[in-house]
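Accompanying notes for the structure given below.
Quick note: the coordinates plus some simple rules give every number you see, no bench work behind them. The shown structure was predicted, so the numbers you read here are calculated from the model rather than taken from an experiment. Methodologically, a virtual Cβ is constructed for each residue, glycine included, from the backbone with ideal geometry; neighbour enumeration extends over all protein chains shown.
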């Protein structure tokens, strides 16, 4: 019996995929690649991140985007998606709005199941309705930059910290003969 196969399926994932170097917690890190196959769940095995193993064929590797994480080679690939807080939010000059709390949506990352903790961002305006301050009172935790609701002519710029918007890939088994499409990311 071989240690991996070339079919993009859990039972073909590398049998020994030592994932301890990715920051997993004791008891959650297994040497069995099937445990990580196509995992996109935040906090499943690594605190504030998702860690999965994906079968990537040559077309998927060629067409991968930065948001997905671009594998270095087709084959079995470990993919880690980090998370981070909102560091700051600013509004464009001359923005008009209302005293309100911004609604933020998205931020889960590609293919990820939710693991976000919602941020609280408070907008303050003067008597004429112009935005005077935008304060992050709770930074939350997101895999990628969330989108703020629109408010009159205001355009909000969100700056993320930590490991948000970062996707790390590592080729575990390089092979150009991967077949099938069992994962949800590539």
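Show me 174-183, 49-58 ranked by packing, highest mean number of other Cβ atoms within 10 Å first. Can you show the working numbers first?
Details: 174-183: 15.7, 49-58: 24.6.
Packing order, densest peptide first, comes out as 49-58, 174-183.
Note that the stretch 86-160, at 10 °C in a medium of 1.306 mPa s, gets a Stokes-Einstein diffusion coefficient of 126 µm²/s from its Kirkwood radius over C-alpha pairs.
With r defined as the distance between the Cβ atoms of residue 2 and residue 138 and R0 fixed at 45 Å, what FRET efficiency is calculated, to the nearest 0.05? The formula returns an efficiency of 0.35 here.
Size descriptors for the chain (Cα atoms only): Rg and Dmax, in that order, 20.1, 74 Å.
Only helices enter this figure: runs of n ≥ 4 DSSP H residues, each worth -39500 (n - 2.57), summed and divided by the residues of the chain, yield -500 deg cm²/dmol at 222 nm to the nearest 500.
Potential lengthening of the chain between residue 100 and residue 47 amounts to 15.9 nm, from the contour at 0.36 nm per residue minus the alpha-carbon distance. Over the chain, Cα pairs under 8 Å with separation of 6+ residues give a relative contact order of 28 percent.
Extending 7 Å from Cα along the Cβ direction at residue 152 and again at residue 179 yields two label points whose distance is 6.2 nm. Ranked from largest, the principal axis spans of the Cα set of the stretch 31-101 equal 52, 28, 15 Å. Projected label points at residue 70 and residue 93, each 7 Å from Cα along the beta carbon direction, are separated by 3.5 nanometres.
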